[in-house]
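Computed from the coordinates by the stated procedures, all read-outs in this text should not be read as laboratory data. Here the structure is a predicted model, which is why all the values come from computation and not from measurement. In this analysis, Cβ positions are derived from the backbone assuming ideal geometry, glycine residues included, and neighbour counts consider all displayed protein chains.
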Amino acid sequence: MSETDVATEAHEDAPVASTALFGQAVLYPDRGAYLATVESLRDEGYCTATDLTVVDYLTHPGRSGLPGGVQPERFEVVVGLFDHARRERVRLRIQVPADDPTVPSLFDLFPGTEAMEREAWDLFGVSFEGHPDHSRILLPEDWVGHPLRKDEGIGAIPVQFKSASDRR
Amino acid sequence: MAAVRLDLGDDERVRRRDGSAVLRMTEVEAADLVLDPSDPVTGERADERMILNMGPAHPSTHGVLRLLLEMEGETVLRSKPIIGYLHTGMEKTGENLTFLQGPTNVTRMDYASPLFSELVFALATEQLLGIEVPERATWIRMLMCELNRVASHLLFQATNGMDLGAVSMMIYGWREREEVLRFFEKVTGLRMNHNYIRPGGVAADLSDGWQDDVRHLLDIIPPRLDEYEVLLNDQPIFRARLQGVGVLAPAEALALSATGPILRATGYDWDLRRDEPYLAYDRVDFDVVVGTCGDAFDRFAVRLEEIRQSLHIVEQILDLLPDGDYRTQDKKVTPPPRARIDESMEALIHHFKIFTEGFHVPEGEVYAAVESPRGELGCYLVSDGGPKPYRMHIRGPSFANLQTLPHLMHGRLVADAVAVISSVDPIMGEVDR
């Protein structure tokens, strides 16, 4: 109970930067305030987490549209929450630096993000602290690399059955 | 999260281990778990406890879904869906195709309802571009999507029947679906993977005499749905296989991010078509179908009734579909007409530029969502101002819905697992992307 109070206070003390692009509300909490922000949003009525993904801004670092005070980093964790009662969506964009790609897991707040966070780890190499099953989900467990990162090229990895084309 | 409801009562099996429904370990760890004689839990009844692998090529796993089931005798304790067998990196591919080529990629995700993936990609792109789509294009999109929902749910009826032993149902379901696909082929040129809905409108106008084709569908499908009801609803064995199996509460469904018929079957009244209207859904009349107890039978019944509601929408579209253009005349995204190319050098260059370089989309990021037959299908697009998406993410409803599987199967017999997988109706192309 006391944890919730602290979280709400932290949210109120340092207002989270926000924008509205195309009529969609976007919040930009920093990594420290991420969990507290999501928790207070959940208590406000955002009852379900629709989506969680990552964007790698390696080759597009100077993106416009970020509100003042938000320091752009290489990775951005993007979380979509939905308040069914008020029919409002909110999107959170959390800046995650390349040298420490770690954010806390939302599993305790929204268990439905479990697979999405595994996918984000698998494809982008962003880790989620406190995730109950921090493993790859789409790629084989012994896979090396995170293919949706911008520095992973297309066709750089030899594929199985490639010898088939020799006989054509 | 709310505790998983089990009807095993205070059976000691429920209290075993951490009581969780999800098996969170790798294949190797799972094997060691059972073989370890020093394990205090497996030690006493190790002969009854095992890890059973199901799939990925099991006939009832709808493609290549694989499950690790922790069993005690015939009871499923914990389980873990293992996915990725169909992963082809479509989100990465999407970053290397222009916005015009994008629909050819996303349409291959959910192959049972390809038009919805195209639609959500087109809606997101149009929002970034800030273009308006002509009325007629909007209504054509609605018509095609609702027919696609019918086809997709008919496919579910077919496979669900087959999984439960009503093999004749498989033939009937595919038969009716084929009638719808025949109409799609006439309009789009292909039965599946249409690449029909594109940013700016649709690829072509409806075919001549489309009203007759649609009326034909409206004539033949409803009586056959009545036949399904006789065949399935009135069949005690079919009901016994589904009723009370795989029960989910609304709070659990929301917590697990489940959407679509799975969420509605729990009695939770939620449909993006009504609650966050896109296209022109606020101008047609339809009911949101909800279940009562969230079991596999409700999920079956919700989908069956949704076919009728979709046909009801299609019937209204027949009267309401306006005349006009089927794609925007914004020169930025639409190539010049064929006749102009013969007489104008500029038109030829314009055409060439759109199909080679592609049109540039203003910088920004946007999330669009539609109600696909499986739930909320979302598209998160980031553009850096170039002709290709900087990031294209699809929020697949089946991907999120699959997380309910361990909770639905927990404490049930392994024979029910087949009914449960079938009732979740995952399309693996969209799960793995």
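Could you work out, residue by residue across B:247-253, how many beta carbons of other chains sit within 10 Å of that residue's beta carbon, and then give the average as an integer?
On the way: counts 0, 0, 0, 1, 1, 2, 2.
Counting Cβ atoms of other protein chains within 10 Å of each residue's Cβ and averaging gives 1.
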Checklist entry - Which residues in the range B:400-418 have a backbone N closer than 15 Å to a point placed 7 Å from the Cα of B:Glu74 along the Cα-to-Cβ line? => result B:411-418
Item to check | Label-point gap, in nm, between B:Lys186 and B:Leu348 - each point 7 angstrom along Cα→Cβ | outcome: 3.8
Checklist outcome for this item: The ratio Rg/Rh over the Cα atoms of the protein assembly as shown, Rh being the Kirkwood inverse mean 1/r radius, stands at 0.97
Checklist outcome for this item: So the number of lysine pairs in the protein assembly as shown with alpha-carbon atoms under 30 angstrom apart, 8 or more residues apart or on different chains, is 20
Checklist outcome for this item: Per GNM of chain B with C-alpha springs under 10 angstrom, the most fluctuating residue out of B:Thr26, B:Thr188, B:Thr259 is B:Thr26
Checklist entry - With each pseudo-label sitting 7 Å past Cα toward Cβ, what's the A:Asp151-A:Gln71 distance in nm, one decimal? => result 2.0
Checklist entry - Just counting partner chain Cβ atoms within 10 Å, what average do the residues of peptide B:309-321 show around their Cβ? => result 0
Checklist entry - If a helix is a whole DSSP H run, which ones in chain B reach 15 Å or further along their own axis (Cα) and hold a mean Kyte-Doolittle hydropathy of at least 0.5? => result B:114-129, B:345-356, B:414-424
Checklist entry - Can you give the average number of partner chain beta-carbon atoms within 10 Å of each beta-carbon in peptide A:49-60, as a whole number? => result 5
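What order, most packed first, do the peptides A:64-77, A:127-140, B:72-85 have when packing is the mean number of other Cβ atoms within 10 Å of each residue? Numbers along the way, then the final one.
Working: A:64-77: 14.6, A:127-140: 16.2, B:72-85: 20.3.
Packing proxy ranking, top to bottom: B:72-85, A:127-140, A:64-77.
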Item to check | Nitroxide proxy distance, nm - points 7 Å out along Cα→Cβ at B:Ala339 and B:Asn96 | outcome: 4.1
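Arrange A:Ser105, A:Ser18, B:Ser383 by Cβ neighbour counts within 10 Å, fewest through most, would you?
A:Ser18, A:Ser105, B:Ser383
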Item to check | Amide H within-cut-off set for A:Ala17, under 5 Å, with H built and near neighbours excluded | outcome: A:Tyr28
Checklist outcome for this item: Ranked output for segments B:113-125, B:149-161 by mean other Cβ atoms within 10 Å, highest leading, reads B:113-125, B:149-161
Checklist entry - Taking chain B as a Gaussian network, where each spring joins two C-alpha atoms under 10 Å apart, which residue of B:Glu252, B:Glu276, B:Glu146 fluctuates the most? => result B:Glu276
Checklist entry - For B:Arg283 and B:Arg215, FRET efficiency with R0 = 22 Å and r from the beta-carbon atoms, rounded to 0.05? => result 0.60
Checklist entry - Given a Förster distance of 41 angstrom, what is the FRET efficiency for A:Arg87 paired with A:Val144, based on the Cβ-Cβ distance and rounded to 0.05? => result 0.40
Next on the checklist: Give me the three principal axis extents of the range B:299-362 from the C-alpha atoms, as integers in angstrom, largest value leading.
Outcome noted: 57, 27, 20
Checklist outcome for this item: Length gained if B:Val230 through B:Gln243 is fully extended, taking 0.36 nm per residue and subtracting the Cα-Cα distance, is 3.0 nm
Checklist entry - In terms of modelled amide H atoms, which long-range or inter-chain residues lie less than 5 Å from the amide H of A:Asp51? => result A:Gly80
Checklist entry - What is the gain in length, in nm to one decimal, between B:Glu315 and B:Asn53 on full extension, counting 0.36 nm per residue of separation less the C-alpha to C-alpha distance? => result 89.7 nm
